[in-house]
Structures are given as C-alpha cells and as structure tokens.
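K.L.:
I have a structure I would like to understand better, so I am pasting it below and will then ask my questions one at a time.
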Amino acid sequence: MDLVEKLKNDVKEIDDWIIQIRRKIHENPELSYKEYSTSKLVAETLRKLGIEVEEGVGLPTAVVGKIRGNKPGKTVALRADMDALPVEETSDVEFKSKVKGVMHACGHDTHVAMLLGGAYLLVKNKDLLSGEIRLIFQPAEEDGGLGGAKPMIEAGVMNGVDYVFGIHISSSYPSGVFATRKGPIMATPDAFKIVVHGKGGHGSAPHETIDPIFISLQIANAIYGITARQIDPVQPFVISITTIHSGTKDNIIPDDAEMQGTIRSLDENVRSKAKDYMRRIVSSICGIYGATCEVKFMEDVYPITVNNPEVTDEVMKILSSISTVVETEPVLGAEDFSRFLQKAPGTYFFLGTRNEKKGCIYPNHSSKFCVDEDVLKLGALAHALLAIKFSNK
C-alpha cells in the first residue's frame, strides 16, 4: 500500500473525532489573546497522543508540539490559528456558539481540529518521518497588528525550521478543493487614521469656522482617486474608508473629524507609493482650508504573504494526489502566516468548504458562516502528507 492510500485509510478512523473536536471548539469560541480553553484542549490532546508539548511560547495561549522522526531529516512546521471573531452567530447548528457576541466565523476551529488530526496521523506513521515536525498552534491571527506569529517567532518557534505550511478553510472554493498560487497570495493590511483639526462654531455661520467635516469629504474623494488615477490598474490594490466620526449636534460645526480605513496591496512599491500619496493629499487639502491634520498608519502590520514558488509547485503536485488543486488569484485579505514565510520557505493554501446542498454558502466572517465538515479529514491528510514528504527531502 502506498503512502497516500495508507493515510487515507488511517484518516477514516478519526473522521468523527476531528469533527467532534471542531464542534467543541466552535461552541466555546475565544477572542484573540484569550484562547485559554482552546490552548488547554490542544495541549491535553497532544499529550494524549504522546507528543512533546511546550506551552506559553511567546504568548500565554500559544502551544507547540514536537514529533521527532527516527532518522535525521528536515524540520517541517505546520500551523493552525485558534482565535475567534467578535460576531454574534446566526447560523442554525446544534453546536452553535455558547458565547454571546463571539463566533468562529473564519474557521479557525477547523484549523485546530485539522492539525490535531494531522498530528494523530503523524504519530501513527512515525516510522515514515525524518527530522522533526513542529506543530504550531497560534493565538491572535485576527488581531491584525502584533498578532500571534511574531511573538512566537521571537520566542524561537521557527528556529531551525526548513519548511512551513498552513491551511485556511474558505467558502470561496467548492468543498474539498485545494487552492493556492506561487508568489504573493495575500495582502498587507495598512490600517490608517486621519484626524482633521478645524475650528468649530454655529451651524448657521460656517464661514466663521474651519469645517472639519467638509474638509474630510474632500479628503475622502481625493483618497479614492488614488486607486483610479495613481496606481497601475493591473495591480491588485484597494483603499477603503470604513469609519468617519465627527460632531455631536445638528447645529454645531465640530472642531475635529476622524476617519479610519485600510489599504490592501500585494507589492511593496505600490504600498509605499499609496501611503505617500495619502499623506500628501491630506496635508494639501487641509492646508487649502486652513486646517491641521494627522495621518497615522498602524505600525508592524502583517507583511505580504508570499509563497515560495519551488515549494508551492511541489505542494500542488502532492495535494493533487488526494484532491483537486486549482491555482487561485491573490486575495486582498491579510494573514500573519506571512511572518512564518519570511523565516522559512513554504506554502499557504486554502481548502474549499462551499457546499450549496448543505447551505455552506456564506463568506468567512459572516454571522452565518458554516463549514462542510466532510472536508476536515482532507485538511488532516494534507498536513500529514506534506510533513512526511518534506521531512524526508
């Protein structure tokens, strides 16, 4: 029996077990940096499998498992993120979230379950392993700034790692389909805040004021022009202003106005140019109307997620032995798995969960997001197969 068939048979034994783990985590979602119950479940499960466990790696809720092969080889890291989102679940499932206002609306519950399933398969087939398999259970992917990857890396989780892989469940692809690409696959998320300082006064006498709301409207229109007139239209790029706050009453022109939003890009030159244009636009418009301004970008945001071309080409061939693999377009969402890929070559890929018959049609981050649980065994299988193949390179 070849390796793929062996693993396919083994994963059938734990299909229900993987699903039950996922449902338990789904019922008890935890926000970024607060994944205490989830990390405890992970550590206990790994220990039951006889896996070496280290807790608190860089963050209190971070967990790392290590499986050592019987002969020298490569060190392969597999990663699953654990945090949920501040979303009130409206899907109708028997294992619905028990925590008000918190939901696994992005599938991180499935990521944990799939990696634990992969761990089971690797322990069962330890004689096929070389080197070391490092299981990274990461907190706070949804944070968007510091995140969980950076503290874990600073604590040494990627020391000596030769290859790194991560899976993300996605409703954008049919159930069971793997999707990835060589090179940039996800964007960097430059969050920004613009504050306009004007001069308030009575709503009936705007000529006596420096109206920050009027100025903010000019800024917003000009900023959206960056996409249309300053950035090469063939480049994947987005600017969105997502909040505007100002004022307290209908007859008062306020002193200040604040806008927040995001820039998404897949190229460092485009990113730098857009941020420079934004600073100049805001400064110029405020100057015209006599206002002062602040433009701040979030520091230390997630980098662009870049898949190693050679490794990804091999990953696509390996995954095609267990399911359909498609090459996807880049996604303008962001991922702190990008930080792991800066430390070792590897691949980030999606596993489709879209199934119209089961009602699994809602996008990630939707309050109705649901998962076709039949795909979870494929995620576990992919983790194990990649670990075995690359540890023996």
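Every number in this text was worked out from the coordinates using simple rules, so none of it is lab data. None of these values were measured; they are calculated from a predicted model. Heads up, the Cβs are rebuilt from the backbone with ideal geometry, glycines too, and the neighbour counts pull from every protein chain shown.
K.L.:
Nearest 5 percent is fine: what portion of the DSSP beta bridges confined to the chain is antiparallel?
P.N.:
65 percent
K.L.:
Once you wrap a convex hull around the alpha carbon atoms of the chain, what is its projected area averaged over all directions, in nm²?
P.N.:
Orientation-averaged projected area of the Cα hull: 21.0 nm².
K.L.:
Of 95, 350, 369, which is the most mobile in a GNM of the chain whose springs link Cα atoms less than 10 angstrom apart?
P.N.:
Highest fluctuation among the options: 95.
K.L.:
Can you list which of the GluC sites (Glu not before Pro) found in the stretch 269-339 are DSSP loop residues with at most 13 other C-beta atoms within 10 Å?
P.N.:
Loop-located and lightly packed - 299.
K.L.:
On full extension of the chain, what length is gained from residue 292 through residue 96, given 0.36 nm per residue of separation minus the C-alpha to C-alpha distance?
P.N.:
65.7 nm
K.L.:
Using the scaling law 2.2 N^0.38 Å as the reference, what is the normalised Cα Rg of the stretch 187-295?
P.N.:
The value comes to 1.15.
K.L.:
Could I ask something else about it? Of 6/96; 124/393; 182/393, which ones are farther than 24 Å apart at the Cα?
P.N.:
6/96
K.L.:
How high is the relative contact order of the chain, in percent, counting Cα pairs under 8 Å that sit 6 or more residues apart?
P.N.:
Rounded, it is 25 percent for the chain.
K.L.:
Would you mind computing, in nm to one decimal, how far apart the modelled labels at residue 49 and residue 6 are, each placed 7 Å from Cα along Cα→Cβ?
P.N.:
According to this spin-label approximation, the distance is 1.7 nm.
K.L.:
In whole Å, what is the distance between the alpha-carbon centres of the stretch 290-304 and the stretch 238-279?
P.N.:
9 Å
K.L.:
While we're on this one: Using the structure shown, select from 193/273; 100/249; 48/100; 24/317; 249/275 the pairs with a Cα to Cα distance greater than 27 angstrom.
P.N.:
100/249; 48/100; 24/317; 249/275
K.L.:
Roughly how many whole Å is it from the C-alpha centroid of the stretch 312-340 to that of the stretch 12-85?
P.N.:
22 Å
K.L.:
Pick out which of 235, 138, 342 has the largest mean-square fluctuation in a Gaussian network model of the chain, springs linking Cα atoms closer than 10 Å.
P.N.:
Result: 235 has the largest fluctuation of those listed.
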